[in-house]
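Following: one structure in structure tokens, then a few remarks.
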């Protein structure tokens, strides 16, 4: 969706998609706007509660069934296991996604890892295609005036044009581009606290081959899970940047993470977008 500055200001029921790496401030902003009459649609929350809910529970039950007492209680319906996913607690989703590597260190074998990656890929597509429906529901059911789509950091990896087109037709896409300083901080943070990540399969295969050769390992089951995430994160990060920018250039607008960090109110945010639209208009004219 492309708008002029005046069209954006006069837009009564704003709907915005936030695009960018995890850690650039998307969720902080969306949570702040919740208190200013904006419906916060979390892509990761939708993935976990709607599209991966059963798969997550099955993986937990599979582990529980290895314990005789829990197996007996589960099979007799004496206990029940359920997810407790919230926008502020998405650990069940990331834990299910898992990390590649040695099972003795909590890793997943390559086949199972890729299976879960595919499930997440399909779930993210479905969650993003739900956005138009939730824009309507946010107003008609919940009474919010505006809508913010807090998209996952892997949105640019889906390679599904219909997803971006759906978002562009129904929302204003805002790419939050990390400054060089923030890039360094995001990479340091990821290396300090390695977390499960989504990878395009072609990217994973390429990087896995390089990693195994560098570490002189014969196969994926020998990988130390955290070490692989530390090694691959910066490569994943920089592979995503041109993908984000391409989406923003074609369908939306770009703002910088340092400017977003200064946003304290709804009006600050709207002014930031207004400026981004004006700058793109001026750039296209010149």
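All of the numbers you see were taken from the coordinates with simple rules; none came from a lab. Here the structure is a predicted model, which means the values were calculated and not measured. Quick reminder, even Gly has a Cβ in these numbers, built from the backbone with ideal geometry, and neighbours come from all protein chains shown.
Quick notes on this one:
- Normalised by the number of residues in the chain, the average gap of Cα pairs under 8 Å and 6 or more apart makes the relative contact order 31 percent.
- Rounded tilt (10° steps) of 53-64 against the dominant C-alpha axis of the chain: 30 degrees
- Rg and Dmax of region 16-151, both derived from C-alpha coordinates alone, stand at 17.6, 52 Å.
- The chain: angle of helix 266-285 to the longest principal axis, Cα-based, in degrees nearest 10: 70 degrees
- For region 99-226, fraction of C-alpha pairs farther apart than 27 Å, in %: 37 percent
- When the inverse distances between all different Cα atoms of the chain are averaged and flipped, the Kirkwood radius reads 20.4 angstrom.
- Percentage of interatomic Cα-Cα distances in region 55-107 larger than 15 Å: 56 percent
- Residue exposure sequence - 186, 167 - by fewest surrounding Cβ within 10 Å: 186, 167
- Alpha carbon centroid spacing (whole Å) that separates region 187-222 from region 250-268: 32 Å
- Translational diffusion coefficient of region 143-286 (Stokes-Einstein, Kirkwood radius from Cα pairs, 4 °C, 1.567 mPa s): 74 µm²/s.
- Virtual spin-label span in nm between residue 188 and residue 64, 7 Å along Cα→Cβ: 4.2 nm
- Take the Cα of residue 224, step 7 Å toward its Cβ, do the same at residue 268, and the gap between the two points is 4.1 nm.
- Sorted from longest to shortest, the spans of the Cα atoms of region 3-58 along the three principal axes equal 50, 23, 22 Å.
- Antiparallel bridge percentage (DSSP; both residues within the chain; nearest 5): 5 percent
- Folded to 0 to 90 degrees: helix 180-192 orientation relative to the chain principal axis, Cα: 20 degrees
- Mean residue ellipticity (222 nm) of the chain, computed from DSSP H runs ≥ 4 via -39,500 (n - 2.57), nearest 500: -18000 deg cm²/dmol
- Listed from fewest to most Cβ neighbours within 10 Å, the set 91, 2 follows the order 91, 2.
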